[in-house]
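The values are calculated or read from the model by the stated rules, or taken from the named source; none is laboratory data. Predicted model, so just to flag it, every value in this text is computed and none were measured. In this analysis, Cβ positions are derived from the backbone assuming ideal geometry, glycine residues included, and neighbour counts consider all displayed protein chains. The protein model used for the area step is the full one, side chains on, heavy atoms only, and it has no ligands, DNA or RNA in it. Shrake-Rupley method; radii C 1.70, N 1.55, O 1.52, S 1.80 Å.
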Amino acid sequence: MRKICLTVIGIYLLFLNAFSQVKNDSTGTYKNKNLKLEEVNLISGYYNQNGNHSAVTGGIGTQQLSDVSNIIQLKFIRWDDYDRKHTTDIEAALDHHTAASSAFVSKTGTSGKGGTRFYPSVNWKTENERHRTVSGFGLSYSAEYNYHSLGSNLNFSKTSKDKNREFNAKAQVFLDRVKMILPSELVPAPTVIQPRVITSASGRTSYFAGGILGKDDDIPASQRNTFMTSFSLSQVINRNMQISLLADGVLQQGYLGLPFHRVYWKDGSVHVEKLPSQRLKLPVGLRLNYFSGDHVVFRTYYRFYTDSWGLTAHTASLEVPLKITSFLSVSPFYRYYKQTAIDYFAAYGKHTSASAYYTSNYDYSAFKSDYVGINIRMTPPKGILGIRAFNLMEVRAGRYIQTTGLTANNVSVNLRFK
Amino acid sequence: MNKKTWIRLGMLLSLPMAIFGCMPVKQYMKSKLNDGEMELSARKVERGEMNFQAFREGASGGNGGKAGGGCGCN
């Protein structure tokens, strides 16, 4: 009898245990259904350059320029009722530059030297963990005195089941307008129209008060459109190595030069640079990162570029982060770049009337460049200066030298709050 | 683009798969791959230098950044 009672009690306890199991959440994490500010990045930079081949003065003259940029990025996330993660990235950026050559848009050197550019953007994406896909779209805007841009993009990515491979595709459009600010000596003289009485074909008369065509505030603008598709494929090779292949296809149409760039011909006459109204670009890049031992990472990058204007370029860079501790790394880096000239480039005083297209902008000449510098990254677990939310500070500085004689210095800082 | 350029592009696109044998890596083995220094993208702090390189050089794109448009750059 006692044995039967004990058996019954035992079976009853087993039943209780079976029905007391709690269904585990697959991720084990709380998913916030309200919009939450996940991350803030503040990125600031200072850039200065100097050289002697300004395009504003026909390929000669100072290229002295300095630029200060500030960017704020806000990342918001929320989960919906179908377990999909929605991410909204909002960015606002402001650049201010001062360029000595800008003063010589006017032949006497009295034009303004400074300019400010404001460029906000918003991007939204949704992640579906079950299908391992991410899709999204974005809008961007850019405004400076002589250049306005409206952009949009669509993007999609898919990860493999083992999460060792990821494919990304993106389509982007920029609809830009270039204000046609000409060098002062090439601005057409305003046309004065005298007041007069106008008689129409039906015999009606009206009075026209007259006016001036080509006033300063009547500067026309030209269209420049850019259509871009980008693809990337990332692959884990082994525990220490992963690679990524990137390819873009870019088509630009419209006014592709800048109206204040001068070109001096052999006969001494001065003209505005003239470039074809279409350009097809094809850059292909490869990134390979390798973790050697416990303290050294190799970040490598190579890009091959070619376009329909005859320019071919090679870019190669190597960065070696040395992990001093698990939250402090120091990374020296070096970047090499080499390009051929476009078909329409010639130096000051070399173009003739035989050229259908012509420029003396040294950005399109044949040259090599070296860029060397250092990157310092800090991510202490208790936060920078003991502020837990302030979880990353990164400083990067480098010196850039071109064989054209252009030299530049760049320093940037990124502060991240999470 | 001439024949030589197309051959170079084809080699570049097939190079990673040809040289490396891929080994399946489980999620718990990815401690080094998930390190911040191993990210397969440009750092946020590189925005400034990617910008000046797009302005001062004829080539752009192929790096996750802009390849033209949106600014008075090349």
Seminar exercise, completed: The percentage of the accessible area of region A:292-418 (probe 1.4 Å, all protein chains present) made up of carbon and sulfur atoms, to the nearest whole number, is 64
Problem set entry | Volume of the Cα convex hull of region A:133-197, divided per residue and given in Å³ | 155
Exercise. For chain A, what is the charge dipole size about the Cα centre, in debye to the nearest 20, if Lys and Arg each add +1 at the Cβ and Asp and Glu each add -1 at the Cβ?
Worked result: 1360
Exercise. What trypsin sites (Lys or Arg not before Pro) does region A:132-217 have in DSSP loop regions with at most 10 other beta carbons within 10 Å?
Worked result: A:LYS161, A:ARG204, A:LYS215
Problem set entry | Nitroxide proxy distance, nm - points 7 Å out along Cα→Cβ at A:ILE219 and A:VAL40 | 3.7
Seminar exercise, completed: Expressed as a percent, the accessible surface of region A:55-106 that is carbon or sulfur, using a 1.4 Å probe and the full set of protein chains, is 58
For this session: Calculate the length of the line joining the C-alpha centroid of region A:324-363 to that of region A:99-122, in whole Å.
Result: 21
For this session: Check the straight Cα-Cα distances from A:LYS170 and name the aspartates and glutamates below 15 Å, setting aside those fewer than 8 residues away within the same chain.
Result: A:ASP248
Problem set entry | Drop in accessible area of at least 20 Å² in the complex versus isolated chain, residues of region A:163-201, 1.4 Å probe | A:LYS163, A:ASN164, A:PHE174
Exercise. Can you list the residues of region A:383-398 that have at least 50 square angstrom less accessible area with all protein chains present than in their chain by itself, probe 1.4 Å?
Worked result: A:ARG396
For this session: Pairs to check: A:LYS107/A:LYS350; A:LYS85/B:LYS32; A:LYS75/B:LYS26. Give those whose C-alpha atoms are more than 23 Å from each other in this structure.
Result: A:LYS85/B:LYS32; A:LYS75/B:LYS26
For this session: Work out the FRET efficiency for B:ASN2 and A:ARG132 from their Cβ-Cβ distance, taking R0 = 35 Å, and round it to the nearest 0.05.
Result: 0.30
Problem set entry | lysines with Cα under 16 Å of A:LYS338, excluding same-chain neighbours fewer than 8 positions away | A:LYS368
Exercise. In region A:355-392, which residues have a backbone nitrogen under 19 Å from the label point lying 7 Å from A:ALA347's Cα in the Cα-to-Cβ direction?
Worked result: A:358-369
Exercise. What value, in deg cm²/dmol to 500, does the helix sum -39500 (n - 2.57) over DSSP H runs of n ≥ 4 give at 222 nm once divided by the residues of the protein assembly as shown?
Worked result: -3000 deg cm²/dmol
Exercise. With solvent modelled as a 1.4 Å probe, how much accessible area in total do chains A and B shield from it at their shared surface, in Å² to the nearest 100?
Worked result: 6200
For this session: Provide the FRET efficiency to the nearest 0.05 for the A:ILE90-A:TYR336 pair, computing r from the beta carbons and using R0 = 35 Å.
Result: 0.45
For this session: For region A:216-277 and region A:196-211, compute the distance between their C-alpha centroids and round to whole Å.
Result: 47
Exercise. Does anyone have the angle between helix A:2-19 and the longest principal axis of chain A? Alpha-carbon axes, 0 to 90°, nearest 10?
Worked result: 0
For this session: Over chain A, give the accessible area per residue in Å² for a 1.4 Å probe, as an integer.
Result: 54
